[in-house]
Amino acid sequence: MQINNTKLIDCYEIFPHTFTDERGKFIKTFHYDSFKENQLETNFVEQYYSVSHQGVLRGLHFQTPPQHHVKLVNCVLGEVLDAVVDLRIGSPTYGQFELFHLSADKKNMIYIPSGMAHGFYVTSKSAIVVCNLSTVYSTEHDHGVRWNSVGIPWPDHSPILSQKDRQLPPFADFPNTFLYKVNESHD
């Protein structure tokens, strides 16, 4: 498993081990020892996946404390433009975002720490995105910021959005409770 730093502190792009033979591919998306050795979350308690078609944008989502969570995200069918935004007040990368091209062909994953917003735009005909979470879903703590409020250069200015995502507050208006702590850094 190859774990690469990104420009966002504590956010990593992971390339899992892939085994290929005449039958196809076998991909190990999680390995407890590798995650533990790299001081990454190892207790994922909920997993879900979304099926979306081209032009759909989901996000930018997160959960607030005390139900905040770490996410491990990968695309197992198709391709998406994935975005992560640092919401942690005091972080050297606060308010910044990074974009990733996640795809079934590339087999990459994004490790998103607590205190970051996540969203994606489907660039292929359809896509299946899998999310592993370190806490269970909580309606009360489910929040987000508007998809176009942080300067992300999405490929579409009129994406297909849910009603919920259309009504999210802009980044500047979100009552932020995330704080960056230096000892959380894994550098």
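The values are calculated or read from the model by the stated rules, or taken from the named source; none is laboratory data. As the structure is a computational prediction, the values presented were derived from the model and not from experiment. Every residue, glycine as well, gets a Cβ built from its backbone with ideal geometry; the counts of neighbours run over all protein chains shown. These area figures cover heavy atoms from the full protein model, side chains too; ligands, DNA and RNA do not enter into them. Shrake-Rupley method; radii C 1.70, N 1.55, O 1.52, S 1.80 Å.
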Revision key, fill the gap. Over 30 Å (Cα to Cα) among K28/K125; K125/K181; K36/K164 -> K125/K181; K36/K164
Check your understanding: Arranged from highest to lowest average of other beta-carbon atoms within 10 Å per residue, in what order do the peptides 130-143, 162-175 appear?
Key -> 130-143, 162-175
Check your understanding: If the chain between S124 and S50 were fully stretched, how many nm would it gain, using 0.36 nm times the residue separation less the Cα-Cα distance?
Key -> 25.2 nm
Check your understanding: What relative contact order, as a whole-number percentage, does the chain give when Cα pairs under 8 Å and 6 or more residues apart are counted?
Key -> 29
Review point. Where does the charge balance sit around H101 when Lys and Arg score +1, Asp and Glu -1, over other residues with C-beta under 9 Å from its C-beta?
Key: -1
Practice item. For a label point 7 Å from the Cα of N4 along Cα→C-beta, name the residues of segment 10-44 whose backbone N is under 16 Å from it. Key: 10-18
Revision key, fill the gap. A correct Karplus calculation of ³J(HN,Hα) over segment 75-80, with 6.51 cos²θ - 1.76 cosθ + 1.60, θ = phi - 60°, whole Hz and x for Gly and Pro, returns 10, 9, 8, x, 8, 9
Review point. Amide H to amide H, which residues 5 or more places from Q54 or on other chains are under 5 Å from it, using H placed in the peptide plane?
Key: S126
Practice item. Tell me, rounded to the nearest percent, the portion of alpha carbon pairs in the chain spaced more than 28 Å apart. Key: 20
Point to revise | Built amide H within the under 5 Å cut-off of G115, gap 5+ | key: H69
Study note, to complete from the structure: In nm, the gap between the two label points placed 7 Å beyond Cα toward Cβ at Q39 and V76 is 3.1
Practice item. May I have the extent of the alpha carbons of segment 22-118 along their three principal axes, as whole Å values ordered from largest to smallest? Key: 50, 37, 24
Practice item. Could you pull out the trypsin sites (Lys or Arg not before Pro) across segment 1-43 that fall in loop regions by DSSP (anything but H, G, I, E, B) with no more than 13 other Cβ atoms inside 10 Å? Key: K7, R23
Review point. Which value in nm describes the separation of the simple spin-label points at K28 and S138, placed 7 Å from the Cα toward the beta carbon?
Key: 3.4
Check your understanding: How big is D for segment 113-169, in µm² s⁻¹ as a whole number, if Stokes-Einstein is applied with the Kirkwood radius of its Cα pairs at 10 °C and 1.306 mPa s?
Key -> 118
Check your understanding: When the accessible area of segment 18-87 is split by element with a 1.4 Å probe, what percent falls to carbon and sulfur?
Key -> 48
Check your understanding: Roughly what would the spin-label model give for S158 and T177, points 7 Å off Cα along C-beta, in nm?
Key -> 3.8
**Study point:** Distance between segment 42-62 and segment 118-153 - C-alpha centres, whole angstrom
**Key:** 5
